[in-house]
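Student: Attaching a single structure in C-alpha cells format; questions to follow.
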Amino acid sequence: MTGRVDAVAKLSLADYWARLGKELGVSRWIEISQERIDRFADCTGDRQYIHIDPERARTSPFGTTIAHGFLTLSMLSEMHRDLVQIEGVRAAVNYGTNRVRFLSPVRSGSRIRGRFILAQIDEIRPGEVRTTFEATVEAEGMEKPALVAEWLLCRYLDTDDDMRA
C-alpha cells in the first residue's frame, strides 16, 4: 500500500498548538521491501550482508535480511506527512533527534507505521517554531516497537505571527 491515508488532518496553528501533549495519530502501513533496503544500502554505502544478501542472512540471528536502522528512522518524515497538514506553515525541516533506540528488527517485506505524540513546541523567534515528537515505529507482527525516538522539526510560518494566535 503506497497511497496516503484517507484523511490527513488540516489544522490551523491554534488547533495544532491545542494538540500539545496528545497523540497526533497513526500513519498508514508502509512496506519495507528488499528493493527499498537495497536502494538505501546503495545510497549510504552500508552494504552489510544482513541488509542485502538474503541467502547469507538466512543464517543470521534474524533469519532474513533486515532494514537498516537509519532507513527506519528516515521514514519518520513520510509517516508524519500522513497525519497532519498545518495551515500557515511554509516549510518544515528536520532539526535532529534527542535520542533514538532501535528495539526490534524490521524484516524485509514487513510493514511499518508510525505513532506521534506532539511533546513540545518552542517558539524560537517570530515565524519559527521547533516541535518535538515522541515517535514510535511499529513493525507488523513484532511485540516491541522497531524504533522509539524523540524527533525534532523546525517549522517556518507564512507570517511572523505567534503560533498560538
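Student: Hey, GLU140 hits all of (1) within 30 Å of ARG58 (Cβ to Cβ); (2) in contact with a Lys or Arg (Cβ under 8 Å, 6 or more places away or on another chain); (3) surrounded by 17 or more Cβ atoms within 10 Å (Cβ to Cβ) but one; which does it fall short on?
Tutor: All conditions pass for GLU140, except number (3).
Student: Kindly provide the set of residues from region 19-43 that are under 21 Å from MET79 (Cα atoms) and part of a helix (DSSP H, G or I), ordered by number.
Tutor: Hits for region 19-43 are GLN34, GLU35, ARG36, ILE37, ASP38, ARG39, PHE40, ALA41, CYS43.
Student: Continuing with this model, one more query. Going through VAL93, VAL84 one at a time, which residue ends up being surrounded by fewer than 17 Cβ atoms within 10 Å (Cβ to Cβ), β-branched (Val, Ile, Thr) and touching a strand residue (DSSP E or B) at 6+ places or on another chain (Cβ under 8 Å)?
Tutor: When all the criteria are applied, what remains is VAL93.
Student: Out of ARG58, ARG101, ARG28, ARG39, I need the residue that is within 30 Å of VAL129 (Cα to Cα), surrounded by fewer than 13 Cβ atoms within 10 Å (Cβ to Cβ), modelled with pLDDT of 95 or more and not aliphatic (A, V, I, L, M). Which one?
Tutor: It is ARG101.
Student: Please work out which one of (1) closer than 15 Å to HIS80 by Cβ; (2) without any contact (Cβ under 8 Å) to a residue 60 or more places away in the chain is the condition PRO126 fails and give its number.
Tutor: Checking PRO126 against (1) closer than 15 Å to HIS80 by Cβ; (2) without any contact (Cβ under 8 Å) to a residue 60 or more places away in the chain, the one that fails is (1).
Student: With (1) assigned to a strand (DSSP E or B); (2) touching a residue at least 40 places away in the same chain (Cβ under 8 Å) as the list, and LYS144 as the residue in question, which single condition is left unmet?
Tutor: (1)
Student: Another question about this same structure. Just a yes or no: is a residue in region 118-134 outside any strand (DSSP E or B) and loosely packed, with under 14 Cβ neighbours inside 10 Å?
Tutor: Yes, there is a match, as at least one residue in region 118-134 is outside any strand (DSSP E or B) and loosely packed, with under 14 Cβ neighbours inside 10 Å.
Student: Kindly provide the set of residues from region 61-87 that are modelled with pLDDT of 95 or more, over 15 Å from ILE112 (Cα atoms) and not in a loop (DSSP other than H, G, I, E, B), ordered by number.
Tutor: None; the set is empty.
Student: For residues that are farther than 23 Å from ALA67 by Cα, of a type in the set (Gly, Ala, Ser) and modelled with pLDDT under 95, tally how many sit in region 104-158.
Tutor: Counting residues in region 104-158 that are farther than 23 Å from ALA67 by Cα, of a type in the set (Gly, Ala, Ser) and modelled with pLDDT under 95 gives 1.
The values are calculated or read from the model by the stated rules, or taken from the named source; none is laboratory data. Note that this is a predicted model, so its numbers are computed, not measured. So basically every Cβ, Gly included, is an ideal-geometry build from the backbone, and we count neighbours across all protein chains shown.
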